[in-house]
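**Student:** Have a look at this one.
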Amino acid sequence: MTAGARLARWNALPAEAAERELADACAARRWVVAVAAERPFDSFDSLVAAAERAFDCLAPEDWLEALAAHPRIGERADAGRQSARGERFSAGEQAGAADAPAAVATALAAGNRRYEARFGHTYVVCASGRSGEEMLALLERRLANEPAAELVVAAEEQRRITRLRLERLFGDRARRGSP
């Protein structure tokens, strides 16, 4: 199915079904509702523009809602936090952590716990194409951030993840079979 056909199919879905599909890209309910409400989109670029506008209107509690849906780096998703497709997205994005040496995996698990204790939310990083070592180094650097600043960093990482997932759902990457 072409990108245009996927977008047209999604445009035609009832609101609730369209929102469920968008939630695979970003679990912030306010973002999902705002983007779905702008349908129909005539192009992938117009969908991305709406996604960006909606992201710009989110409050910290919305970002926290989105972050809460992510599994910890290096761990499988908890049942019920994401759809099966969302879980596949996470697994593909985190392939670098899954392939990391045992010492890096252990350090990521400990770092995840320190991060959550310090900031109160899951460590989220746009992991696509990154090694476990890179994700660990970023985690260690981000632990030095002040909590308010770190939430902004995490939200920007969510924005990047959302863009990649929208591409997988509706753009040319979906046609090429990207994870």
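**Student:** Using 0.36 nm per residue of separation minus the Cα-Cα distance, give me the extension gain between Arg113 and Ala37 in nm, one decimal.
**Tutor:** 23.6 nm
**Student:** Stretched out fully, how many nm does the piece from Ala5 to Asp172 gain, at 0.36 nm a residue minus the Cα gap?
**Tutor:** Once the chain is fully extended between Ala5 and Asp172, it gains 59.0 nm.
**Student:** At 0.36 nm per residue, minus the direct Cα-Cα distance, what do Ala15 and Arg53 gain on full extension? Give it in nm, one decimal, please.
**Tutor:** Result: 11.8 nm gained on full extension.
Read-outs: derived from the displayed coordinates by stated rules, not from any lab. Please read these numbers as outputs of a predicted model, since none were measured by experiment.
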